[in-house]
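Bear in mind that the values in this text are calculations on the coordinates, not laboratory data. Being a predicted model, the structure only gives us computed values, none of them experimental. Ideal geometry is used to build each Cβ from the backbone, glycine not excepted, and the neighbour counts take in all protein chains shown.
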Amino acid sequence: MITILGAGGAIGNELVKELAARNQPFRLVGRSPRPTPGATEVVTADLTDRDQTIRAVAGSSVVHLLVGLKYDRRVWREMWPRIMGNAIEACKRAGAKLVFFDNVYMYGKVTGPMTEETPFNPSSSKGEIRAQIATMLIDAWKSGALTAMIARAADFYGPDTLHGVPNVLVFVPLSRGQTASWLVNGHVPHSFSYTPDAARALVQLAERSTAWNQTWHQPTAPNPPTGKEFIAQVAQVYGVRPKYRVLGRPLLRVVGWFKPEIGESYEMLYQSDSPYLFDSSKFAREFGFSGTPYANGIRETAATFTREARPSTE
């Protein structure tokens, strides 16, 4: 049994497709999980509660921790260590292997490419929390308490990725003939992981016996475009002008006073003002796949949005 803790997110939904296509039994776990074609079981559980987590994981062989919490540092500080601790304990009791799907916040601002060997040097409160929970898991596997791995990805884009920044700022407005937006600096390259690639890689990694007790960067195409180039590629697919505005720090600071989710993003803007380069060459060497080319991923993502017929007023 493969168990997904935190069902319903962008990566979880793609992982469900992969597992269903392989006819593998899988269990979906969440606060309000929805019945999904192909799922063997659907379990309701609060993963901040240890007993509920233990029951949800019982009988599993592999567990994918894909939880997405409200984007609030106070929520993260309170809940993430509990969730990680509960997942580790539940997997130990079940004899299950644990895959933690992670981001790059713990690296902080990096000069040059981010690799699996990049040291933790967080530049934000959220980065400090991610460093804490990643270290919890690494310490657990180093002690021999369980078998686990960290699968780390860059920022997302992809089909039906409702909360991915490129989808919200670029695909949605351009699909309607409106003006796109970009954060802070549109003239530096920025890596994006394509969600179907990340989900497929989770399955491949879990099946490879030699992949465990390591950190892996998920396959992410090399030579990423700048923001301006990314927008131009999306606009070309839709047959519209590549109009965009840059959302600068002063504007985002003011907007953050009124919209908490924007305010919570402010501390992460260091990821947008200089090159954000995510290196997944370790995965490419092991599995022979370096990520879907941006042109292909952009075309597939764009196809999931319907351009409105009415002309733009902008």
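Starting from the Cα gyration tensor of segment 64-123, take the square roots of the eigenvalues, sort them a ≥ b ≥ c, and report rounded, prolate or oblate (rounded when a/c is under 1.5, otherwise prolate if a/b is larger than b/c, else oblate). Walk me through the numbers on the way to the answer.
Numbers: a/c = 2.76, a/b = 1.48, b/c = 1.86.
Verdict is oblate for segment 64-123.
Using packing as a proxy for protection, rank 295-303, 66-74, 32-40 so that the peptide with the highest average count of other Cβ atoms within 10 Å comes first.
Working: 295-303: 17.8, 66-74: 15.8, 32-40: 12.8.
Final packing ranking: 295-303, 66-74, 32-40.
How large is ³J(HN,Hα), in whole Hz, for each residue of segment 147-155 in order, when computed from phi with the Karplus curve 6.51 cos²θ - 1.76 cosθ + 1.60 and θ = phi - 60°, using x for Gly and Pro?
So the Karplus estimates, Gly and Pro as x, are 9, 7, 7, 10, 10, 10, 10, 7, 4 Hz.
What are the extents of the Cα atoms of segment 139-266 along their three principal axes, in Å, largest first?
52, 36, 25
Of all the Cα-Cα pairs you can form in segment 195-314, what percent are over 23 Å apart? Display every interim value, and only then the final one.
Values: 3795 of 7140 pairs.
Within segment 195-314, distances greater than 23 Å cover 53 percent of Cα pairs.
Before rounding to the nearest 500, sum -39500 (n - 2.57) across all DSSP H runs of length at least 4 in the chain and divide by the residue total; then give [θ] at 222 nm in deg cm²/dmol. Each step should come with its number before you reach the end.
Working: 11 runs with 121 residues, N = 314.
When only DSSP H runs of four or more count, the value is -11500 deg cm²/dmol.
Run the reach check for LYS142 against aspartates and glutamates, Cα to Cα strictly under 19 Å, same-chain hits fewer than 8 apart removed. What comes back?
Within the straight-line cut-off, LYS142 pairs with GLU89, ASP102, GLU116, GLU117.
In Å, what is the Rg of the alpha-carbon atoms in segment 245-310, and how long is Dmax?
Spelled out, the Cα radius of gyration and Dmax of segment 245-310 are 17.6, 48 Å.
Which of these values of volume of the Cα convex hull per residue in Å³ was calculated from the structure shown: (1) 147; (2) 135; (3) 170?
From the options (1) 147; (2) 135; (3) 170, the structure gives (2).
First check a/c for segment 44-89, with a ≥ b ≥ c the square roots of the eigenvalues of its C-alpha gyration tensor; if it is under 1.5, answer rounded, and if not, answer prolate when a/b is larger than b/c or oblate otherwise.
prolate
Counting only Cα atoms, I'd like the Rg/Rh figure for segment 1-141, Kirkwood definition for Rh.
0.98
I need the peptides 84-90, 176-182 ranked by packing, meaning the mean over residues of other C-beta atoms within 10 angstrom, with the highest value on top.
On the way: 84-90: 23.1, 176-182: 19.0.
So the order, starting with the most tightly packed, is 84-90, 176-182.
What is the angle, in °, between the Cα long axis of helix 73-94 and the longest principal axis of the Cα atoms in the chain? Nearest 10 is fine, range 0 to 90.
Tilt of helix 73-94: around 40 degrees.
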